[in-house]
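**Student:** Right, I'll just put the structure down here and ask away after.
The numbers here are math on the coordinates, done by the rules we state, and not lab data. As the structure is a prediction and not an experimental result, all values here were calculated from the model. With ideal geometry, Cβ positions are generated from the backbone for all residues, glycine too; neighbour counts draw on all protein chains shown.
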Amino acid sequence: MVIFTGLFDYGSWMPNTPTTLQRPPPTTKGTANESSLLGTLPDVNVTVNGISVVWLLSKQSSDFVTLGRYPDERFSEEIPRHQMQLFKEELGRLSSEIKARNSGLEIPYTFLDPEFLENSVAI
């Protein structure tokens, strides 16, 4: 579910993703002030509803299957099975590289780590 993986991290702070605007956005650079910004952003109830939707969309589904894993055997032929094995090995290498890169970060970037990617799009 790459689409929604980082959505809550970014969208849970309402000014990043306001669900509605109560006034048109400014058309001239430098004319916005705190008062006009607060009057433009949605009220608390709208914000809570929007963040609830973002939270639900970013949750891992109960039938989550990691990218490259297949619960059902789809192929019995040697060539596709070999290609699937190569794909799994490449995903493992990518995951290791991402983990190594993240080890030096204060906040790791895990959104594209194959270990956390879903095998299919599920909402």
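**Student:** Out of Asp43, Asp63, I need the residue that is more than 27 Å from Pro25 (Cα to Cα) and either of a type in the set (Asp, Glu) or in contact with a His (Cβ under 9 Å, 6 or more places away or on another chain) (or both). Which one?
**Tutor:** Asp63
**Student:** Quickly run through the range 94-110 and pick out the residues that are under 14 Å from the mean Cα position of the chain (by Cα) and surrounded by fewer than 13 Cβ atoms within 10 Å (Cβ to Cβ).
**Tutor:** Tyr109
**Student:** Suppose we filter Leu57, Leu91 for residues that are surrounded by 11 or more Cβ atoms within 10 Å (Cβ to Cβ), more than 15 Å from the chain's Cα centre (by Cα), of a type in the set (A, V, I, L, M) and under 26 Å from Asp9 (Cα atoms); which single one remains?
**Tutor:** Answer to the check: Leu91.
**Student:** Hey, can you tell me all the residues within the range 24-41 that are of a type in the set (A, V, I, L, M, F, W, C) and either surrounded by 12 or more Cβ atoms within 10 Å (Cβ to Cβ) or part of a loop (DSSP other than H, G, I, E, B) (or both)?
**Tutor:** Residues satisfying the conditions are Ala32, Leu37, Leu41.
**Student:** So Asn45 clears everything in (1) exposed (fewer than 10 other Cβ atoms within 10 Å of the Cβ); (2) touching a Ser or Thr at 6+ places or on another chain (Cβ under 8 Å) except one condition, right? Which one?
**Tutor:** Unmet condition: (2).
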